[in-house]
Amino acid sequence: MYQAKACSVASATAPFTRTTIERRDPGPRDVQLEILFCGICHSDLHQARNEWSGMPTVYPCVPGHEIVGRVTRVGAAVTKFAPGDRVGVGCMVDSDGSCPQCQEHFEQFCPGAVFTYNSPDRHTGKVTYGGYSDSVVVDERFVLRVPGNLDLAGAAPLLCAGITTWSPMRRQGVGKGQKVGVVGLGGLGHMGVKFARALGAQVVVFTTTAGKKADALRLGAHEVVVSRDAGEMGKHAGTFDFILDTVSARHDLGAYLHLLRRGGNLTLVGAPDEPHAVPAFGLILGNKSLSGSLIGGIRETQEMLDFCGEHGITSDVEVIPVQQIDQAYERLLRQDVKYRFSIDMASLRAG
Ligand code: NAP
Ligand code: ZN
């Protein structure tokens, strides 16, 4: 075991404080990395504040699952990585590797999946601690390669916001000739816009924040709709092949089902604890479908990173020091994020 620096919360209402945590020394198949940047996902806020009734938070909690850094040590049996490599770690750090979910590259659904934080840690007997830290040790199967041309601060959010929006778009065959909607222009939403555009779709952003219109167009949207305006919404009725809903709070799904064409799909990735109301006729009339999607498997995450390398895609980030995590959380709640916070871990090392 060794001591790593980290930022943790002690309760659902406590501010972040600097602390030290125990990490395991790298075993034969482990990679140790120096964390350079970690994105702030709205899921970090849900978990730190114990907002998910199905996944109670164990305190102290060290969030963070959008991790990029450099490899510092590797175990003797590691074959894919060497010290100095630029790497990433997303929402998972382990799985059983043998169940049908793992064999079909859906490690996130493995009954033995270990998530990057707030998951039982068989090495320490505590819970896993995430990326708001200066280093981490992860089984090499869960370490991703970050293409050399990508800015690391902007690449960090690809490890969750990136894969979470990429995966359902690939599953739905998003591409040329399709009209795609993205609901909510935050961390996930802005990545959804970039991917839908890069895949060749006609992209429409739905936002509650009229002030984000110019940014949405700059990020790649062809059109922007202020979703509180019923007239603007009505113009798009029955026209969308696919809508990706990234909203972090309960809202009216019927309004978006109404915009799908016959056979169209609305996929939820936003994860409020409160249930949504779903109007049966919103689905029945037009053979429409409503789906959900959880991050993505490791193979698909690498494919997404490689696509980002080829197309020069990163997240638009506001880089902050660890001292500003609490303010960043407050700004997330005010929908004031442009469009992901990325924590510079040099600020943790310095103190
Ligand atoms: P975020 O950066 O805070 O963005 C969420 C956006 O949703 C906001 O910027 C806002 O966009 C819109 N919004 C927020 N409250 C709203 C409300 N009351 N009504 C309508 N729109 C509202 O959050 P994020 O990091 O992108 O995460 C979004 C959600 O996805 C969270 O619930 C998170 O836990 C979840 N998530 C799920 C997965 C998965 O695997 N399924 C992975 C990561 C995150 P506008 O200002 O444009 O309206
Ligand atoms: Zn996330």
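The values are calculated or read from the model by the stated rules, or taken from the named source; none is laboratory data. Being a predicted model, the structure only gives us computed values, none of them experimental. So basically every Cβ, Gly included, is an ideal-geometry build from the backbone, and we count neighbours across all protein chains shown. Accessible surface is based on the protein model in full, side chains and every heavy atom, while ligands, DNA and RNA are left aside. Shrake-Rupley method; radii C 1.70, N 1.55, O 1.52, S 1.80 Å.
Specify whether the C-alpha gyration tensor of the chain places it in the rounded, prolate or oblate class, a ≥ b ≥ c being the square roots of the eigenvalues: rounded for a/c under 1.5, otherwise prolate if a/b is larger than b/c and oblate if not. Prolate shape, in that a/c is at least 1.5 and a/b is the bigger ratio. Straightening the chain between Arg262 and Thr124 buys 44.5 nm, computed as 0.36 nm per residue apart minus the Cα-Cα spacing. Over 19 Å between C-alpha atoms is what I'm after, so list which of Lys80/Lys194; Lys179/Lys235; Lys5/Lys126; Lys213/Lys288; Lys194/Lys235; Lys212/Lys338 land there. Correct reply: Lys80/Lys194; Lys213/Lys288; Lys194/Lys235. The simple Förster model, with R0 at 25 Å and r as the Cβ-Cβ distance, assigns His311 and Ser289 a FRET efficiency of 0.30.
Given a 1.4 Å probe and every protein chain left where it sits, what share in percent of the accessible area of segment 165-292 is carbon and sulfur?
53
Once backbone amide H atoms are built at 1.01 Å from N, Val225 has Val205, Phe206, Thr207 as its partners under 5 Å, excluding neighbours fewer than 5 places away on the same chain.
Surface analysis of the chain yields an accessible area of 40 Å² per residue, using protein heavy atoms and a 1.4 Å probe. Grab the other residues whose beta carbon is less than 13 angstrom from that of Glu51, score K and R as +1, D and E as -1, and report the net. Here the count lands on -1.
Is segment 165-292 rounded, prolate or oblate when judged by the Cα gyration tensor, a ≥ b ≥ c being the square roots of its eigenvalues, rounded requiring a/c under 1.5 and prolate requiring a/b larger than b/c?
Verdict is rounded for segment 165-292.
Each of Lys176 and Ala350 was given a label point 7 Å from its Cα along the Cα-to-Cβ line. The distance between the two points is 4.9 nm. Per-residue extension of 0.36 nm, minus the Cα-Cα distance of Gln323 and Glu22, leaves a gain of 106.2 nm for this segment. Between Asp96 and Ala10, the contour length at 0.36 nm per residue exceeds the alpha carbon distance by 27.9 nm. Kindly state, to the nearest 0.05, the FRET efficiency for Tyr59 paired with Ala237, given R0 = 30 Å and r defined as their beta-carbon distance. Using R0 = 30 Å, I get an efficiency of 0.05.
In this structure, Ala214 and Ala76 have a Cβ-Cβ separation that, at R0 = 56 Å, corresponds to a calculated FRET efficiency of about 0.60. Shape of segment 49-145 from the C-alpha gyration tensor: oblate (a/c of 1.5 or more and a/b not above b/c, with a ≥ b ≥ c the square roots of its eigenvalues).
Protection proxy ranking, highest mean first, for peptides 251-260, 274-283, 187-196, 167-176: 187-196, 251-260, 167-176, 274-283, where packing is the per-residue count of other beta-carbon atoms within 10 Å, averaged. Of all DSSP bridge pairs formed entirely within the chain, close to 55 percent run antiparallel. For the chain, the relative contact order works out to 18 percent when only alpha carbon pairs closer than 8 Å and six or more residues apart are counted.
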